[in-house]
Every structure is written in C-alpha cells, then in structure tokens.
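The values are calculated or read from the model by the stated rules, or taken from the named source; none is laboratory data. Worth saying up front: this structure is predicted, and the values here are computed from it rather than measured. Neighbour counts are summed over all protein chains in view; Cβ atoms, including those assigned to glycine, are modelled from backbone coordinates with ideal geometry.
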Amino acid sequence: MPRGYPPEFRRKVLDLLRAGRSVAELVRDLQISDQTIYNWRRQERIDTGQLPGITSGDQVELVAARRRIAELETELAIHRRANELLKEAVPPKGRYAVIKTMAAQGLPVEVCCRVLDVSVSGYYAWRLRPPSARSLRHIWLTGQIQAVHVASRGTYGSRRVHARTTARAWDRGRLSRGGDADAPRGYQGPARQPPPPTEA
C-alpha cells in the first residue's frame, strides 16, 4: 500500500468496490489514482489466496527481517574490527582463556576459535597441557601470602610475610621488587634513617 493512506482508508475503498462502485467513480470521488486502487485489490486477492504472491503479513515480516539483517551486518563489522584489535593486543594464550570462558557459557568452541583466529587443536592442547612448575609454585605461593596476610589482619608487609614463610619455598626478591601482583600490601612503617657518618 502506498505510504500516506491509513489501513482504514484502504479497507473502505475495497468495501466500496465490493458494494458495486467502479474504479472510475472512486478515483473521481476520493481523488486517488486508479493504479493505487488496482494494487490494493490485487493485494487483497493475494491475502485471501485468490492469487499467488507475497501476503501483507509476509511483507511486514520481510521488512522486519531486512532491518534485522542490516543490524546484524553492523554488529558483525564491529566484531570483526574488535577481533583485529584483540589479536594485536592479546597473544594466543590469552585468547585461549577467553575461549574457555565463552565455552563454559555454552558457546561452540569451533566458532569461538574461528572468530578469535586460533586453531581448535591449539586450544585443546592448551586445555590438556598440565600446569608448569612455575604456575603451580605461583598458586601455592599466592595461597601462602594470603594466609599470612589474613592471619596478621592485614598489618604485615612483605618483610614480615617473608619471615613467616619457609626460606625454601619463598622468593623474597619477588616481593621486595613488587614482582608478585597478588602480594598484599600491609602497613608500611616509617622509613629507616641511615646512620650518621662516622668521623675519621
């Protein structure tokens, strides 16, 4: 139906046709084109199954589907650009962790790997690879740090935490250099003053 005519007006015109009014009379009385009337009558016959074609309901759904397709194409372009930026900033191991999270949420692993540009075999190899000794030590070490920190009610700093752990399993240099991001920071007392210089 041409834009500008409400559905009620269209139904009124078609009712007048069925009542015996001619197309020429309606054109003269209602000031609309004869082609518009013919189009409405043809569409009505399609809607009622008298003629083959796309029904009015299908046309509404088709317009909605086209609009949704346009939205999805825009979203896809955004995802592609975001993926390009992600690949530049995050190495494959970091992307594997993202895929693991998405897979836990029910998304297909194969699709996630394709979108993030990593191989499925590489992802599963990463999943099945046992943690390294360094990773295990880091996990254990973090637990020890947290336990001592909680026991001290958050007052211990790196030196006192180190004193409470075993020298064999502790790496004091990581804490003192701030190399362990999981190390809690306790109360920091005043800095020690250097001793005065001795006279010769």
#### Entry: Those residues of region 144-164 which are surrounded by fewer than 14 Cβ atoms within 10 Å (Cβ to Cβ), modelled with pLDDT under 75 and not in a loop (DSSP other than H, G, I, E, B), in sequence order
ARG159, ALA163
### Message
I want to confirm something. Restricting to region 112-131 and keeping residues that are in a helix (DSSP H, G or I) and among the charged types (D, E, K, R), which single residue is nearest to ARG81 (Cα to Cα)?
### Response
ARG114
### Summary
So, first residue assigned to a helix (DSSP H, G or I) in region 69-96, second residue charged (D, E, K, R), Cβ within less than 6 Å, six or more apart or across chains; the pairs are LYS87/ASP117
### Message
Under 8 Å between Cβ atoms, which residue pairs at least 6 apart in sequence (or on different chains) link something in region 109-127 that is free of Cβ contacts under 8 Å to residues at least 40 places away in the same chain with a partner that is of a type in the set (S, T, N, Q)?
### Response
CYS113/SER119; VAL115/ASN83; LEU116/ASN83; ASP117/ASN83
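Residue by residue, here is whether (1) under 43 Å from the mean Cα position of the chain (by Cα); (2) under 30 Å from VAL109 (Cβ atoms); (3) exposed (fewer than 10 other Cβ atoms within 10 Å of the Cβ); (4) modelled with pLDDT under 90 holds:
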| residue | (1), (2), (3), (4) |
| --- | --- |
| PRO2 | yes, no, no, yes |
| LEU16 | no, no, no, no |
| ARG42 | no, no, no, no |
| THR48 | no, no, yes, yes |
### Query
With respect to GLY53, is the statement that it is in a loop (DSSP other than H, G, I, E, B) and surrounded by 11 or more Cβ atoms within 10 Å (Cβ to Cβ) true?
yes
#### Entry: Residues of region 56-78 satisfying the condition of being farther than 30 Å from LEU116 by Cβ and loosely packed, with under 11 Cβ neighbours inside 10 Å
GLY57, VAL60, VAL63, ALA64
